[in-house]
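Following: one structure in structure tokens, then a few remarks.
The values are calculated or read from the model by the stated rules, or taken from the named source; none is laboratory data. Owing to the predicted nature of the structure, the values given are computational and were not obtained by experimental measurement. Every residue, glycine among them, receives a Cβ derived from its backbone with ideal geometry; neighbour counts consider all protein chains shown. SASA here: full protein model, heavy atoms, side chains in, ligands and nucleic acids out. Shrake-Rupley method; radii C 1.70, N 1.55, O 1.52, S 1.80 Å.
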Amino acid sequence: MIEFQNVSKVYSNGTIGLKNINLTIKKGEFVVIVGLSGAGKSTLLRSINRLHEITDGQIVIDGKSITAAKGGELLRMRRDIGMIFQSFNLVKRSSVIRNVLSGRVGYHSTLRMLLGMFPQHDVDLALKALERVNIREKAYSRADELSGGQQQRVSIARALAQEAKIILADEPVASLDPLTTRQVMDDLKRINQDLGITTVVNLHFIDLAREYATRIIGLRAGELVYDGPASEATDEV
Ligand code: ADP
Ligand code: ADP
């Protein structure tokens, strides 16, 4: 489903982000990428939906090169990819449901979105998504009235409302306390199991990675240093 073919990324200031990465992530997998700060985890994840451009190689999703995709095709490919960030990336002053509905924007014309008119079908999808992460009762609260863990669940719901087939989570629990961390990881895992959404999560704690992942990918200085079962990943990964 996601294939990295000889992927390298060098930032414009010369910093190496990724060095000749080859890997394949299958449909429905729950993969955790681990590595110290600066190892290239975020660079790898952001390369998948082209939040930034790679400098060599290509990334193929469902048989299609996203690296080569242009215009409408790129937008359609991106629609299948939900992104979750450490800092939640919600519109803080907007309601929870508005934030979740923003996952539907790619399905509608610009005019319709300027008018802020979402069809009932979208509202139903958004509420169902909130239900799946157990915060439906917060639908009409302002996003910034929620706790960190709840806000992260809103961003998961946004990816669900988007009907993403792939979820990319970049350090989704880095700003959460241990209890909330587990709730968010549990949600991601449950959604992966129930809906079969291919999930790639960046974490910097190997213990947490071992607990949740079936497969771990280890990065160090932009290079792939481990790719295998979670149970066999050592602390040095
Ligand atoms: P590129 O350099 O390939 O255009 P981006 O568009 O992703 O990559 O870069 C965004 C901005 O972040 C750049 O202007 C870059 O200078 C800045 N930046 C520089 N060093 C770092 C760093 N270590 N971590 C994050 N951002 C950085
Ligand atoms: P991680 O997510 O594992 O902490 P990153 O992918 O953010 O690692 O960073 C990999 C390397 O690329 C680091 O050396 C980092 O400083 C550098 N880097 C990240 N973003 C930028 C940028 N926009 N411009 C220049 N260098 C960057």
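General observations
- Scanning residues 5 or more positions from I167 or on other chains, those with amide H under 5 Å from its amide H are G82, T198, T199, V200, with H placed 1.01 Å from N in the peptide plane.
- In Å, descending, principal axis extents of the Cα set of the stretch 27-125: 41, 30, 25
- FRET efficiency, 1/(1 + (r/R0)^6) with R0 30 Å, evaluated for A174 and E223 via beta carbons: 0.85
- Counting only protein heavy atoms and a probe of 1.4 Å, the accessible surface of the stretch 37-181 is 50% carbon and sulfur.
- Across the stretch 224-230, coupling constants 3J(HN,Hα) worked out from phi with the 6.51/-1.76/1.60 Karplus curve, θ = phi - 60°, read 7, 10, 7, 8, x, x, 4 Hz, and Gly and Pro carry x.
- Pairs of lysines in the stretch 17-175 (C-alpha under 18 Å apart; 8 or more residues apart or interchain): 9
- Karplus 3J(HN,Hα) series, Hz, for the stretch 125-132 with 6.51 cos²θ - 1.76 cosθ + 1.60 (x for Gly, Pro): 4, 5, 5, 5, 5, 5, 4, 4
- Calculated FRET value between V10 and L75, using beta carbons and R₀ = 35 Å, to 0.05: 0.85
- Computed on the stretch 133-187, with alpha-carbon pairs under 8 angstrom and 6+ residues apart, the relative contact order is 40 percent.
- For the stretch 63-177, diffusion coefficient by Stokes-Einstein and Kirkwood Rh (Cα), 10 °C, 1.306 mPa s, µm²/s: 109
- Per-residue Karplus couplings for the stretch 57-67, computed as 6.51 cos²θ - 1.76 cosθ + 1.60 with θ equal to phi - 60°, are listed in order as x, 8, 10, 10, 10, 6, x, 10, 6, 6, 4 Hz, Gly and Pro entered as x.
- Heavy-atom accessible area per residue - the stretch 120-236, 1.4 Å, Å²: 44
- For the stretch 159-237, alpha-carbon Rg over 2.2 N^0.38 Å: 1.12
- Cα principal axis extents for the chain, largest first, Å: 46, 42, 33
- Each of the peptides 214-220, 94-100, 130-136 was scored by the mean count of other Cβ atoms within 10 Å over its residues; in descending order, highest first, they stand as 94-100, 214-220, 130-136.
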